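Worksheet for the structure shown next.
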Amino acid sequence: LNSMVEDGNLSPLYFLKWVWNTLEQEPLENLAVSMLASFSQYFSSSLSGETEKALAPQVREVALESLGSKTIGYDLKDQWFYLLLRSTLEMKDSAIFEMAVENQNIAGLELDLEKQWSVARLLAALHHPQAEKDARILMDRDGSDRGEKRFFEIAISLSTDKISCFEELIQNKDRSTDSAKSGMRAFFHRLQESENRPILNSYFDRMLEVHK
């Protein structure tokens, strides 16, 4: 079915509903992990905005319930965690994440640094007031080059003046290429599509300046 969706022969919505119904009956966890990964991919990339918003509450409810389950393994919970992230589309639905970084835990799932950064990036994309605090906590915990790049990405997401951020990124010759690329990712977050749209043409026009 995956290939049928990719070839345009099957509706992504039909595929998602099929996976959703089949997951409840799938006894093999490794197969369930693969199915849920496919579900997550198409949920966040192939649905119209209205359809995604309509499905999101049900997806979040089941994801939270599954994270608290004692009968499924870590790999499957890992997929449910990322689906919970991807189905959180608005500030009003983000309360579950507000203490996740400080507690390094959400719904009973222990969060490694990568997951904690993922939470901070989501909150930043939603302009949540907790995001900057979380990013600073994670900078101290991480202490690596990765942490610096993630912090920079979050700072751009939180900015309300994206054009100034973009120009600073282009003109700052002291910034490393890896850091610049990380910052550029912030301009392509799907939850900030409307506020980043004015930058896209300029980005493609000046791509060589960023990636040279």
Charge dipole of the chain about the Cα centre (unit charges at C-beta), most positive-ward option of G147, V62, S34: G147
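Using the crude model of +1 on Lys and Arg Cβ and -1 on Asp and Glu Cβ, and no other charge, please compute the dipole size for the chain relative to its Cα centre, in debye to 20.
So the dipole magnitude of the chain works out to roughly 280 debye.
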Rounded percent of accessible protein surface that carbon and sulfur make up, region 22-171, 1.4 Å probe: 49 percent
Solvent-accessible area per residue, Å², over region 12-110 with all protein chains present [probe radius 1.4 Å]: 53 Å²
With DNA, RNA and ligands ignored, accessible area of I96 (1.4 Å probe; Å², nearest 10): 70 Å²
Straight-distance crosslink candidates among aspartates and glutamates, where the alpha carbon sits under 14 Å from K70 and sequence neighbours closer than 8 are dropped: E29, D78, E110
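Mind scanning K53/K149; K77/K149; K53/K162; K77/K115; K17/K115; K53/K92 and naming the pairs with a C-alpha gap bigger than 20 Å?
Distance filter (> 20 Å) returns K53/K149; K77/K149; K53/K162; K17/K115.
With r as the distance between the Cβ atoms of N30 and N105 and R0 = 22 Å, compute the FRET efficiency 1/(1 + (r/R0)^6) and round to 0.05.
On the way: r = 25 Å, r/R0 = 1.14.
Efficiency at R0 = 22 Å is approximately 0.30.
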Euclidean distance of C-alpha centroids, region 27-78 and region 94-111, integer Å: 18 Å
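By how many nm would the segment from D174 to T51 lengthen if fully extended, with 0.36 nm per residue of separation less the alpha-carbon distance? Don't skip to the answer; put the middle values down first.
Values: separation 123, 0.36 × 123 = 44.28 nm, distance 4.35 nm.
Contour length minus the Cα-Cα distance gives 39.9 nm.
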Inter-site label distance for I96 and L200 at 7 Å from Cα along Cβ, in nm: 2.9 nm
Theoretical gain in end-to-end length, S144 to E193 [0.36 nm per residue, Cα-Cα removed]: 14.7 nm
Three principal axis lengths of the chain [C-alpha, angstrom, descending]: 55, 42, 29
Label-to-label distance, nm, for residues given as K70 and H127 (7 Å Cα→Cβ offset): 4.3 nm
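The values are calculated or read from the model by the stated rules, or taken from the named source; none is laboratory data. The shown structure was predicted, so the numbers you read here are calculated from the model rather than taken from an experiment. Ideal geometry is used to build each Cβ from the backbone, glycine not excepted, and the neighbour counts take in all protein chains shown. Heavy atoms of the whole protein, side chains included, go into the accessibility calculation; ligands, DNA and RNA do not. Shrake-Rupley method; radii C 1.70, N 1.55, O 1.52, S 1.80 Å.
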